[in-house]
Amino acid sequence: MNSSSLFKQFGSAVNWNAYYYLVYKSAYTLRTIFLYNVLTTDDFSIWVTINSTVFLILLWTDCGLRKSIPRYAPLFNNYRQWFFAAMICVQLVLLIITAPLIIWLLKFITTQTSLIIIGLGIFIAEGIQNTLRLIYHSYFNNKSFNIMAMICTSLEITFTLFAMILTLSSQQLLIAIFLIKLMSSWLLVIMSSRLTQPQSIGSGVMIGTIPKETLKPFIIHSLIMWGTTVLKSLSERNFLIPFVTQMIGAPAGNLFKVANDSALLGYRLILRTIGSADTALLAHVQEAGNQELMRIAVKKIISKIARLCVPLLGIIILVVLYKLKSLYMTPYMTPFVFHAFIIMAIGYIIETTLLPYERVLEVKRDYKIIFICYIPYVCMLTILILGTLITSIGFINMLIFIHGVRLVSCIMMRYAVYHLYSI
């Protein structure tokens, strides 16, 4: 694959990610706001906590595949048939092993057997779906998968609206929403299962199994990326929402959910728009062994991110400048929510501009530097979790502390990439 073709595919992948995520996140953010007003406080808390728990455990049990698959996809190009089958089998084994844990955790959230079973079904479907998405995206076939995902999302939101229009009780609506999510997730798995036919996402020679000299670095990379993913997840919503709910209570946890979803609308838009395309692009360039091409690739990724950040910064500035008293008169936009939103939105946007440098270190497998850069972050997590920092300094100050330390690690990575690779 020549450089012009590679950059063209990267651009197409990013555009299709943007189309899908705009539809997905806009719909789900509005759904969160509507449900906050329709469900009771306890039912909304159950909905939030089950979702957070399911996706947090999925993140923790992926064994680093979400970063290692796009990194090693170029190396496995001639072994696609084995690669596809192996990754799906590994994910299924991980999901089966983790199933008792997710059931045990869900029992702490709700005593309803139906919700626990539905939650387990969503957990398994989303795990398989994530692996399928990664493999599609690793070969820049974002268009095919994202069209299927948009169809399923549209159907899910449509049926959710019907359920909200019907005069259901809060409890009945809660179960209906989870059932709709379960059916949507499995529909996408079924639609994208044509991936079992490797030729459907690109040509390539399908021979034998991957040599041990290639497989061993893949396993090591997966395990190290697994560690960094787990560490970073401890300062993100799927961990913080249950943590805040446990430490402060359901009302505060629910308000944090609204603020966090609003702040993540921009951050996740950028992350999901770039998706795994940045790692896939840098991995192809790394295998080409052209350092100048690597600099160009990093600049293209940063350019894409910057174009996404500018309008988001404009929105934040407008919100601050035109902040009116009526802003605090809605049931979900209180001063607490507003200040939390501003802190998280600004922190996330600054962080996104520095993420490409972490991707460079990951692609180059510079694990020692990554470990050093994570030291301040690990120290913060220890104080936060073991020292119950939230109860002594307050939630808003804790958010400032978390995002500050996250940025310190990102800045250290930026310096390391410049010093080591002149990028």
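What follows is calculated from the coordinates using simple rules that are stated; it is not laboratory data. In this text, all values refer to a predicted model and were calculated from it rather than measured experimentally. Virtual Cβ from ideal backbone geometry, glycine too; neighbours counted across all protein chains shown.
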Once Leu161 and Ser12 are pulled to full extension, the length gained, defined as 0.36 nm per residue separation minus their Cα-Cα distance, is 50.5 nm
If Lys and Arg each add +1 and Asp and Glu each add -1, what is the summed charge of the other residues whose beta carbon sits under 15 Å from the beta carbon of Lys25?
+3
Between Lys364 and Ile117, with labels modelled 7 Å along Cα→Cβ, what's the label distance in nm to one decimal, could you check?
5.3
Tell me which residues come under 5 Å, amide H to amide H, from Gly64 once H is placed; ignore anything under 5 positions away on its chain.
Trp226
Hypothetical label at Ala306: residues of region 401-416 whose amide nitrogen lies under 20 Å (7 Å Cα-Cβ projection)
410-416
Three-way shape call for region 14-166 based on the alpha-carbon gyration tensor, with the a/c threshold at 1.5
oblate
In terms of the alpha carbon gyration tensor, root eigenvalues a ≥ b ≥ c, rounded if a/c is under 1.5 and otherwise prolate when a/b exceeds b/c or oblate, region 95-200 is oblate
Nearest-ten-degree value, helix 277-288 long axis tilted from longest Cα axis of the chain:
20
Across 10 Å bins from 0, what is the distribution of all Cα-Cα pair distances for the chain, in whole percents?
4, 20, 32, 28, 12, 3, 0
Too long for a 31 Å Cα-Cα cut-off, among Lys67/Lys181; Lys107/Lys232; Lys143/Lys232; Lys25/Lys216; Lys8/Lys181, are Lys25/Lys216; Lys8/Lys181
Got a sec to turn the phi values of region 220-234 into Karplus ³J(HN,Hα) couplings, 6.51 cos²θ - 1.76 cosθ + 1.60 with θ = phi - 60°, whole Hz, x for Gly and Pro?
4, 4, 4, 5, 5, 5, 4, x, 5, 5, 4, 4, 5, 5, 6
Pair Ile147, Ile190: separation of 7 Å Cα→Cβ label points (nm):
2.0
